[in-house]
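Shown next, in structure tokens, is the structure this report addresses.
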Amino acid sequence: MTNDNNKTLGFATNAIHEAYDNQEGKIRSLNPPIYMTSTFAFNSAEQGAAMFQGEEQGHFYSRISNPTLDILEKRLAKLENAEAGLAFGSGMGAITSICWTFLKAGDEILCDKTLYGCTFAFFAHGLSKFGITITHIDMTDAQNVKQAISEKTKLVYLESPANPNMRLCDIEAISSIAHDVSNVVKGDIKVIVDNTYCTPYIQRPLELGADMVVHSATKYLGGHGDIIAGMAAGNADDMMRVRIEGLKDMTGAVLSPMDAMLMMRGIKTLEIRMQRHCENAMKVAKYLEQHPAIDKIMYPGLESFPQRDLAKKQMSLFGGMIAFEVKGGIEAGRKLMNALRLITRAVSLGDAETLIEHPASMTHATYTPEERLEHGISEGLVRMSVGLETPDDIIADIEQAFDAIYVGKLAAAE
Ligand code: 4LM
């Protein structure tokens, strides 16, 4: 979409207006309609047949496409600077639909060591059952991709920042290496980046050279903890293949039009929410960093973050997620979590509420303890998704929890 002078519109404007003109037509509703329909009528038997053959465009069944989802998909594509977008019933629905589309027995998926627990489990226990090789390498050094990539490699898969330990991968360097190899072996190696932690407001992997982006839209894109949803974006051919092969015929992981509407409502405020998440996270990270009870803290905005230069290169802000370890390991971490009053003990992230969880026993319990060690997920790590509450209140809650632990109030109360 452009304005009257044909000037490109800003991120927030696109997030609110892309693909729907409320000045058009007779009704002029501010928000697009929610098409609560599973199927669409054909004008004639011949037209129905032509649609099924792909000879005529249009909506004919909501597992394939739906006008409400259409707007959401175009909007996300615009924000990710992609040719096309695609909506799914969950983040896992997006990941599985893409993998089932592009992988077959004998192929390899090359992934970073640290991945969200269910993504790891899908690769380790799902894809691997069908003759697909899963190779985890340390992608924090892009050269490792060069060493590991082979003619069997079809997908290169990473999260940056990774859930839960915040490690970053150089998306530009990895994409360039993968595509160079792809040219040499005359293959078609696709780089997929899970952009859940950042959203396109902070990081746009396609502009850095990646082929596809996936999201758990349950998180920041939805933004209000009221939907389970997934999104993907990439070139039009790839997205059409995923729609017709992975989504329609293999997973059926379709988003409901009602939830598409809720996501569009969330995306309208993505820019201001992300700005505040980042501001609040920086304040909380600085507070935690100076606290004597903290052993280790990982937040890309801190000077102490080991990959700060890379963060500055590929992220415009530092995000709302913090990983830290409390002195005394997970026992101390659990005590801290249990003493919180305002901050919610819950998995998921990207909501208005600050959420805290223990990856080793929750989101990453799909790894065995040995695998967690091998994949860089320490047992003592605590993960916080900093919300939109007044930052002083978030900090005060952490402070009172630390006080409760250290003056022995907790022990007395137990
Ligand atoms: C969590 N995460 O971490 P659905 N990709 C990333 C994720 O963090 C998640 C998914 C995909 C958490 C859920 C409990 C980086 C999920 C999967 O949950 O299927 O929308 O997304 O707390």
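Points worth noting:
- Charge dipole of the chain about the Cα centre (unit charges at C-beta), most positive-ward option of Ile34, His364, Leu270: Ile34
- Calculated Rg and Dmax of the range 10-73 using C-alpha coordinates, Å: 14.5, 44
- Within the accessible surface of the chain, defined with a 1.4 Å probe on protein heavy atoms only, the carbon and sulfur portion equals 52 percent.
- Asp392-Ala12 pseudo-label distance in nm [points 7 Å out on the Cα-to-Cβ vector]: 2.5
- Rg/Rg_globular for the range 239-313, with Rg_globular taken as 2.2 N^0.38 Å and Rg from C-alpha atoms: 1.72
- Each Cα pair under 8 Å and six or more residues apart adds its sequence gap; the mean of these over the residue count of the chain is a relative contact order of 17 percent.
- The modelled label-to-label distance between Ile27 and Lys186, using points 7 Å beyond Cα along the C-beta direction, is 5.3 nm.
- Using a Förster distance of 25 Å, the FRET efficiency for Lys327-Ile137 (Cβ separation, nearest 0.05): 0.20
- Highest mean first, the peptides 231-243, 158-170 sorted by other C-beta atoms within 10 Å per residue fall in the order 158-170, 231-243.
- Under the convention that each Lys and Arg Cβ holds +1 and each Asp and Glu Cβ holds -1, the size of the dipole of the chain around its Cα centre is about 320 debye.
- Å³ per residue enclosed by the Cα convex hull of the range 271-413: 114
- Neighbour cut-off at most 11 other Cβ (10 Å), DSSP loop, GluC sites (Glu not before Pro), the range 35-112: Glu55
- R0 of 22 Å, Cβ-Cβ distance Ser128-Lys248: FRET efficiency to nearest 0.05: 0.35
- Whole-angstrom Cα spans of the chain along principal axes, big to small: 77, 53, 43
- Computed over the chain with a Gaussian network model linking Cα atoms closer than 10 Å, the most mobile of Phe88, Phe130, Phe402 is Phe130.
- Global dimensions of the range 72-210 from alpha-carbon coordinates: Rg and Dmax equal 14.2, 39 Å.
- Where the range 11-268 is the region considered: accessible area per residue in Å², 1.4 Å probe: 40
- Calculated FRET efficiency for the pair His291/Lys104, C-beta based, R₀ 35 Å, to 0.05: 0.10
The values are calculated or read from the model by the stated rules, or taken from the named source; none is laboratory data. Keep in mind that what you see is a predicted model, and the values were worked out from it rather than measured. Positions of Cβ are generated from backbone atoms using ideal geometry, with glycine treated the same way; all protein chains shown enter the neighbour counts. What goes into the accessible areas is simple: the full protein's heavy atoms, side chains included, and nothing from ligands, DNA or RNA. Shrake-Rupley method; radii C 1.70, N 1.55, O 1.52, S 1.80 Å.
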